[in-house]
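The numbers here are math on the coordinates, done by the rules we state, and not lab data. Here the structure is a predicted model, which is why all the values come from computation and not from measurement.
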Amino acid sequence: MDQDTAVHLAQQAMELAMKVGGPLLLVGLAIGLIVSVFQAVTQIQEQSLSFIPKIVGVAAVIVVAGPWMLGQLLGYTEELYRSIPALVGGG
């Protein structure tokens with residue numbers, strides 16, 4: 001395996017991480033922003049007020065998009081395992 005192959009595999013892994021983790025992070029960011037604006041307007045400074053909606057939102061995204069995320073991860077893993085012989089120079 002040469003340097004270009006290693007860089008390509010790392011790039012694919014990072015793209016997959018962004019595809020799978022992106023929706024979770026975006027939902028957490030959006031909910032956090034909405035709760036922060038709500039807290040600023042109402043002057044309620046309760047720490048659990050921002051934590052619990054984020055947990056619920058991320059859990060909802062996992063329920064809705066979980067099968068797609070799992071499919072993406074399984075597809076990448078299967079392709080990586082299939083390419084091992086070519087990567088080590090055996091085929």
Over the Cα atoms of the chain, what radius of gyration and what Dmax do you get, in Å?
19.6, 65
So the angle from the long Cα axis of helix 47-82 to the longest Cα principal axis of the chain, reported in degrees to the nearest 10, equals 10 degrees
Compute the long axis of helix 3-42 from its Cα atoms, compare it with the longest principal axis of the Cα atoms of the chain, and write down the angle in degrees, 0 to 90, nearest 10.
10 degrees
